[in-house]
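The values are calculated or read from the model by the stated rules, or taken from the named source; none is laboratory data. These numbers were taken from a predicted model, which means no experiment stands behind them. Counting neighbours? That spans all protein chains shown, and the Cβs are built from the backbone with ideal geometry, glycine included. Calculation scope for accessible area: heavy atoms of the full protein, side chains included, ligands and nucleic acids excluded. Shrake-Rupley method; radii C 1.70, N 1.55, O 1.52, S 1.80 Å.
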Amino acid sequence: SVSGSGISINLSHTSVTIPALTTIYTTGTASVSGMSVSWSSSNSKVATVQNGYIYGVAPGTATITASAGDAKATCKVTVTAASPVKSVYSDPNVVLAGKSVNLMAITDTAREAVKFVVNTGGSEKSYTVKTYTSENVSASNGLAANKTRVWKQSATFSNPGTYKVKVYSQQNGKMSSEYKEMTVFVVSTMSGTSSESRRISDEMLEIISEMEGYSAGVYPDTLAYNIPTLGYGYVLSKGEIFYNNLTKREAWALLCNAINTRSYTSEVNRFIANNDLLANQSQFDSMVSFSYNVGAGYWNNSSAAFDLRGIILNAVQPPKIASGSSVGAKTTASAAVYKSASDTSGKVTTLSKGTSVSVLATKYLKDTGEMWYQVKTSSGAKGWARGAYISFNNASSLTHDLKYTDAIAFGTEMLAWHKAGGVCLPGLLYRRLAEAKVYSFANYDEAHMSSSNYRHNTYGYHYPSCLAQYER
């Protein structure tokens with residue numbers, strides 16, 4: 001930083017190198033609180049700048065200057081040649097073995113052809129594509145117009161697995177040596193349950209894109225401390241190099257790749273594998289959607305309070321309990337005990353967290369997705385409590401099948417995650433409602449915002465008192 005009149009400017013970067021057509025997120029802060037910083041470029045034919053976002057126009061060098069009062073600070077920018085491929089993804093995101101998948105690539109308009117090289121494990125197959133469709137976004141809000149070419153190649157994979165695909169492009173008759181890599185995730189089936197790694201389905205990706213909304217250019221998310229956000233809810237990190245003013249297809253590719261390669265997916269897969277959980281596609285989809293909105297750090301951080309995790313971990317295939325016998329257990333959260341397996345049957349007592357109980361019988365209500373245990377306390381009180389709040393002492397020997405996640409407890413706890421910046425938001429309430437419907441009932445139809453039942457409490461979850469007026 002350089003001082004002037006007692007003012008100084010702190011830049012996050014003093015030297016950057018970026019490919020042409022990309023933007024890098026930098027910041028500049030004046031030492032005087034609240035003082036604005038203005039930006040300029042020494043050569044707008046090489047690089048432009050707006051609010052710290054430096055855009056590479058064409059190869060060359062330029063100096064970006066940040067000013068506040070008499071103070072100035074500079075950042076040297078080196079712009080290299082544009083990358084041969086801007087983005088890649090598979091369509092669909094999860095592919096069934098033996099079924100066709102589209103390998104997708106997006107480039108700038110200087111490219112004449114694209115080559116997909118598929119590694120099938122020991123051998124490679126190459127496809128060269130010379131036809132494309134054009135997709136463009138007009139210049140707006142100081143952002144340069146974005147013109148793209150979209151390339152598509154159909155392929156089929158016979159066996160389940162994760163396949164690497166390298167994507168090159170041709171310019172002036174020469175194929176690039178540089179490439180962009182993608183992976184194609186192939187499964188034998190999307191039905192059934194397992195502890196195996198998964199990827200989010202296209203239908204859940206579509207639901208997320210609807211919930212997030214599309215923005216071609218970067219904007220400050222006012223509900224999340226003005227974090228720079230792009231496309232379909234993609235959060236930018238300081239110093240990140242990215243494409244701005246995205247087409248909808250580019251935004252979709254960014255969404256797919258972010259969810260597939262970042263912790264949103266890996267942490268959910270790790271949670272399922274580490275706890276030997278049997279999960280289906282809809283349960284996985286719901287958890288990944290939650291991760292993309294709230295963060296993935298809760299799933300495997302046992303030191304952080306996270307009641308959803310406890311509710312899921314308590315989901316087990318109920319043991320067979322002979323008449324007149326019982327199985328030891330304890331509560332993992334406060335649990336209400338009722339006269340029968342119903343919230344409306346009258347409350348017997350409320351058990352505090354950590355209370356030891358004997359489980360006398362179990363009852364799974366398939367239609368409503370409720371898991372009830374008949375319990376008896378040391379004092380002799382007897383009644384029915386939700387299995388979501390009770391862990392068997394021999395839980396490690398039981399089958400942890402998420403089918404038996406108590407739907408009401410899960411959905412009710414989901415709805416508690418409705419705040420952003422400390423403010424209760426109906427929009428987040430409805431998002432959690434949608435994710436709960438997908439988790440317990442695979443009800444993707446009502447999770448779409450276009451559904452007439454999107455805001456309808458179809459399954460009778462308990463709404464938080466602060467937003468009770470929004471229950472329908």
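Quick notes on this structure:
- Inside the range 74-126, residues that are among the hydrophobic types (A, V, I, L, M, F, W, C), within 30 Å of I54 (Cβ to Cβ) and part of a strand (DSSP E or B) make up a count of 8.
- Within the range 407-423, tally of residues that are over 13 Å from P464 (Cα atoms), of a type outside the set (A, V, I, L, M) and surrounded by fewer than 22 Cβ atoms within 10 Å (Cβ to Cβ): 2
- Only one entry of S134, S90, S100 meets the criterion of being polar (S, T, N, Q) and more than 12 Å from V184 (Cβ to Cβ), and that entry is S134.
- Those residues of the range 445-457 which are closer than 20 Å to Y214 by Cα and either free of Cβ contacts under 8 Å to residues at least 60 places away in the same chain or open to solvent by less than 30 Å² (accessible area, probe 1.4 Å) (or both), in sequence order: A447, H448, S451, Y454
- Filter result for V77 (touching a Lys or Arg at 6+ places or on another chain (Cβ under 7 Å) and of a type in the set (A, V, I, L, M, F, W, C)): no
- For the range 202-220, the criterion of a residue being part of a loop (DSSP other than H, G, I, E, B), in contact (Cβ under 8 Å) with a residue 40 or more places away in the chain and either charged (D, E, K, R) or loosely packed, with under 13 Cβ neighbours inside 10 Å (or both) is satisfied by no position.
- Taken over the range 392-406, the residue count meeting the criterion of being in a loop (DSSP other than H, G, I, E, B), touching a helix residue (DSSP H, G or I) at 6+ places or on another chain (Cβ under 8 Å) and closer than 19 Å to G192 by Cβ is 1.
- Single condition S40 does not satisfy, out of (1) closer than 30 Å to N172 by Cβ; (2) surrounded by fewer than 20 Cβ atoms within 10 Å (Cβ to Cβ): (1)
- Test: residue in the range 424-435 that is open to solvent by 40 Å² or more (accessible area, probe 1.4 Å), in a strand (DSSP E or B) and in contact (Cβ under 8 Å) with a residue 12 or more places away in the chain: yes
- Test: residue in the range 305-316 that is within 18 Å of E206 (Cα to Cα) and at pLDDT 95 or above: no
- Residue within the range 333-347 that is basic (K, R), over 30 Å from I259 (Cβ atoms) and open to solvent by 20 Å² or more (accessible area, probe 1.4 Å) present: yes
- Residue within the range 285-294 that is under 24 Å from L398 (Cβ atoms) and of a type outside the set (K, R) present: yes
- Every residue from the range 261-312 that is over 23 Å from S334 (Cβ atoms), among the charged types (D, E, K, R) and open to solvent by 10 Å² or more (accessible area, probe 1.4 Å): R262, E267, R270, D276
- Complete set of residues in the range 258-268 that are more than 18 Å from E203 (Cβ to Cβ) and not acidic (D, E): T261, R262, S263, S266
- Every residue from the range 97-119 that is within 15 Å of T156 (Cα to Cα) and surrounded by fewer than 16 Cβ atoms within 10 Å (Cβ to Cβ): A97, G98, K99, S100, N102, N119
- Among (1) surrounded by 13 or more Cβ atoms within 10 Å (Cβ to Cβ); (2) farther than 30 Å from Y470 by Cα; (3) among the aliphatic types (A, V, I, L, M), the one test that A322 misses: (1)
- Residue match in the range 389-403 (condition: under 34 Å from the mean Cα position of the chain (by Cα), under 30 Å from G233 (Cα atoms), at pLDDT 95 or above and open to solvent by less than 60 Å² (accessible area, probe 1.4 Å)): yes
- Criterion (of a type outside the set (D, E), under 32 Å from the mean Cα position of the chain (by Cα) and either surrounded by 16 or more Cβ atoms within 10 Å (Cβ to Cβ) or modelled with pLDDT under 95 (or both)) met by exactly one of S140, S67, S134, S123: S140
- Number of residues in the range 46-64 that are surrounded by fewer than 20 Cβ atoms within 10 Å (Cβ to Cβ) and of a type in the set (S, T, Y) equals 2.
- From the list L255, L230, L246, the lone residue that is surrounded by 21 or more Cβ atoms within 10 Å (Cβ to Cβ), part of a strand (DSSP E or B) and at pLDDT 95 or above is L230.
- Search result, residues across the range 365-376 that are assigned to a strand (DSSP E or B) and crowded, with 17+ Cβ neighbours inside 10 Å: E370, M371, W372, Y373, Q374, V375
- For T412: the one exception among (1) under 19 Å from E203 (Cβ atoms); (2) touching a His at 6+ places or on another chain (Cβ under 7 Å); (3) β-branched (V, I, T): (1)
- Unmet criterion (only one of (1) modelled with pLDDT of 95 or more; (2) polar (S, T, N, Q); (3) assigned to a loop (DSSP other than H, G, I, E, B)) for T48: (3)
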